[in-house]
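FYI, it's all coordinate maths here, none of it is from the lab. Keep in mind the model is a prediction, meaning the values are calculated, not measured. Backbone-built Cβ (ideal geometry, glycine too); neighbour counts: all protein chains shown.
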There are 2 protein chains.
Amino acid sequence: MKSVNTDVAYEYIRKRILSGEYAPGKSLMTEMLAKDIKVSRTPVRDALRKLEADGLVSIRAHLGASVKKMKLKDFREMCDLRLALEGHAAGLAALNHSETNLLEIRYALEAMRRLTEEIIQAPQEQPLLGELVREDVRFHIAIITAAKNDLIKKEILRLHLINRVQVVLMPTGKVPKTKIESEARRRAILAKHDDIYAAIARSDAVGAKKEMESHLMEWIDHTMFLMTRAETGMLARDLTPDELAYNS
Amino acid sequence: MKSVNTDVAYEYIRKRILSGEYAPGKSLMTEMLAKDIKVSRTPVRDALRKLEADGLVSIRAHLGASVKKMKLKDFREMCDLRLALEGHAAGLAALNHSETNLLEIRYALEAMRRLTEEIIQAPQEQPLLGELVREDVRFHIAIITAAKNDLIKKEILRLHLINRVQVVLMPTGKVPKTKIESEARRRAILAKHDDIYAAIARSDAVGAKKEMESHLMEWIDHTMFLMTRAETGMLARDLTPDELAYNS
DNA sequence: TTGCGTTTATTTGTATACAATATCATTTTT
DNA sequence: AAAAATGATATTGTATACAAATAAACGCAA
């Protein structure tokens, strides 16, 4: 049923949700989207339905679709789910990895090590941070790939995307932190990644799982802390004037 | 976007997939379904899309929808996913359960105990077996409810349904097994349920998780054995002549 | 008979018109 | 003036007609 136009609409909307152009809560009206994408409402509706299944959009009868806006409870539940899945995947990776898988993981790990050092040298470089995040994602994806379970992989990737919408788009730079703290944290995270890799490489399923779980727990705690500070509930960021105008 | 007619179509098709009337592999043509349900093709298409998200239907562009037919690999992956989620849920249940939750679990457990004994007395009674399965499901659902994570609960329930389509509708009664073996297995399973309950009741998260995992592993092994014996690959059962005629 | 190319028929994908429903502003009533 | 009722507007849900694509049927040549 994935026809060309439906796919076009799907990619169009999805891309804008992930980039933050469509912020959480923004209402997605079929007619308007159809006009922008230059297709009819039908494939737009299909696309919205698929995005709902992905967990990026919520739809209510007769009220239309909007970019999903999570409550703190929902976010916590999602983190817990991710913890369970990604921990399990790490365990599987320890058992099922191939040499190539290990290489992939190591590759991302070394890139992270290099970038971490560079960032500690020059903490103001924004592009480096972006690269670090990308390599971190590569690291995690390499692990769930090594687990050799496509279904679990698909599920985790889904959660990663939702996370990205809810977390990455949050107000940045609001975290007062000393240089020392920040340095220490970066090094600690890198060390944890080393531990995860080591456990997988020595085929220690229990260890890999434990390391991954504690790593994610640290991340979750940290993120939750940031979120509770953003007192607007769970709205990732305030709408810009443009977006407000666009909505009205 | 869930309008009345879309919901009607969704329930109609879903019910028939779960009951086995629409067997795995059966093609679901929109026009025909629309005629049966007495709505237009549009809500039928919506319903099929939602069923695809549930994992009960597979859709390919221009080729239409069909009831999902799993390969052995897919089934194994799904079982692994269920293992991870339901194990995790058991651990959470040990930590988060209320008195009422425990009561629910115990209730299902006692019903299972009673039915198991009755079945061992009169092994030929089919309705008793059905009741036992139902109570088993209640037991598991009570546990994932006690875990207090709606997202994980939803996910596990989804997997249960898929399992039901793929497993419960398999050819039955083909398993040559002595009365003694069968009795012993029933008692062992019941004992395992007792262990799971005990671990949860004493708030032993690690134990609950372990017990649940080993219980599911036993079930998975057993089911896999049955499946590999059904040499038709993963087709739940052969199509009836009517269904064949209908498909051609 | 078999293999290939063309044609036909069926089924899906898309657009669009219409109907049903929710929202918002206005008016009416208390 | 506040609350309720009413109506206007906008947006979704549904049906249907048409276009595109696939699969089946057919014919023809080797």
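What does a probe at B:F225 reach in the range B:177-203, counting residues whose amide N is under 18 Å from the point 7 Å along Cα→Cβ?
B:177-193
Indicate the gyration tensor shape class of the protein assembly as shown (rounded, prolate or oblate), computed on the Cα atoms with a ≥ b ≥ c the square roots of the eigenvalues: a/c under 1.5 is rounded; otherwise a/b larger than b/c is prolate and the rest oblate.
Numbers: a/c = 1.87, a/b = 1.23, b/c = 1.52.
Cα axes put the protein assembly as shown in the oblate bin.
Given A:K15/B:K26; A:K209/B:K71; A:K209/B:K2; A:K15/B:K15; A:K26/B:K38; A:K192/B:K69, which pairs have Cα atoms separated by over 32 Å? Before the final figure, lay out each step's value.
Numbers: A:K15/B:K26 35 Å; A:K209/B:K71 28 Å; A:K209/B:K2 40 Å; A:K15/B:K15 35 Å; A:K26/B:K38 35 Å; A:K192/B:K69 41 Å.
Distance filter (> 32 Å) returns A:K15/B:K26; A:K209/B:K2; A:K15/B:K15; A:K26/B:K38; A:K192/B:K69.
To the nearest 20 debye, what is the magnitude of the charge dipole of chain B about its Cα centre, counting +1 on the Cβ of each Lys and Arg and -1 on the Cβ of each Asp and Glu? Can you show the working numbers first?
Values: 40 positive and 36 negative charges, 138 e Å.
Roughly 660 debye for chain B.
Sum up the charges of everything whose Cβ sits under 15 Å from the Cβ of A:A111, counting Lys and Arg as +1 and Asp and Glu as -1, but leave A:A111 out. Show your work: numbers first, answer last.
Numbers: positive: A:R106, A:R113, A:R114, A:R134, A:R138, A:R186; negative: A:E104, A:E110, A:E117, A:E118, A:E131, A:E135, A:D136, A:D194.
Summing Lys/Arg as +1 and Asp/Glu as -1 gives -2.
Once each part is reduced to its C-alpha centroid, what is the distance from the range A:73-119 to the range A:148-169 in angstrom?
Value for the Cα centre distance between the two parts: 12 Å.
What is the angle, in °, between the Cα long axis of helix A:205-229 and the longest principal axis of the Cα atoms in chain A? Nearest 10 is fine, range 0 to 90.
The answer is roughly 50 degrees.
Could you size up the charge dipole of the range A:1-113 around its Cα centre, putting +1 on the beta carbon of Lys and Arg and -1 on that of Asp and Glu, and report it in debye to the nearest 20?
Working: 20 positive and 15 negative charges, 121 e Å.
With Lys and Arg at +1 and Asp and Glu at -1, about 580 debye.
Remind me, what semi-axes does chain B give for its equivalent ellipsoid, largest first in whole Å, using sqrt of 5 times each Cα gyration tensor eigenvalue? Please report the intermediate quantities before stating the final value.
Working: eigenvalues 232, 106, 52 Å².
In descending order the semi-axes read 34, 23, 16 Å.
Please identify the longest segment of chain A free of exposed GluC sites (Glu not before Pro), where exposed means a DSSP state other than H, G, I, E or B and no more than 16 other Cβ atoms within 10 Å. Present the calculation step by step, with values, prior to reporting the outcome.
Numbers: sites that count: A:E21, A:E125, A:E231.
Counting only loop sites that pass the neighbour cut-off, the longest clear stretch is A:126-230.
Can you tell me the dipole magnitude for the range A:53-163 around its Cα centre, using point charges on the Cβ only (Lys, Arg +1; Asp, Glu -1), in Debye to the nearest 20? Provide the component values of the computation, followed by the final result.
On the way: 16 positive and 16 negative charges, 122 e Å.
Dipole of the range A:53-163, to the nearest 20 debye: 580 debye.
Pop the C-beta distance of B:L102 and A:L18 into the FRET formula with R0 = 51 Å and round what comes out to the nearest 0.05. Mind dumping the intermediate values first?
Details: r = 43 Å, r/R0 = 0.84.
The value I calculate is 0.75.
Could you work out the local net charge near A:L95, counting Lys and Arg as +1, Asp and Glu as -1, over the other residues with Cβ closer than 10 Å to its Cβ?
Once positives and negatives cancel, what remains is 0.
Evaluate peptide A:64-75: per residue, the Cβ atoms of other protein chains within 10 Å of its Cβ; return the mean as an integer.
Numbers: counts 1, 1, 0, 0, 0, 0, 0, 0, 0, 3, 2, 1.
Mean partner-chain Cβ count within 10 Å for A:64-75: 1.
Between helix B:150-163 and chain B, what is the angle of the helix's C-alpha long axis to the longest principal axis, kept within 0 to 90° and rounded to the nearest 10?
Tilt relative to chain B: about 70 degrees.
Among residues other than A:E125 whose Cβ falls under 10 Å from its Cβ, what is the net charge (Lys/Arg +1, Asp/Glu -1)?
On the way: positive: none; negative: A:E118, A:E131.
Surrounding charge for A:E125 is -2.
Can you list residues from other chains, or at least 5 along the same chain, whose modelled amide H is less than 5 Å from the amide H of A:L28?
Amide H neighbours of A:L28, under 5 Å, 5+ apart: A:A65, A:S66, A:V67.
For the Cα atoms of chain B, what angle does the longest principal axis make with the long axis of helix B:99-121, in degrees from 0 to 90, nearest 10?
90 degrees
Counting helices only, and only those DSSP H runs with n ≥ 4, report the 222 nm mean residue ellipticity of the protein assembly as shown as the sum of -39,500 (n - 2.57) divided by its residues, in deg cm²/dmol to the nearest 500. All intermediate terms of the calculation are to be shown ahead of the outcome.
Values: 20 runs with 352 residues, N = 496.
That calculation yields -24000 deg cm²/dmol at 222 nm.
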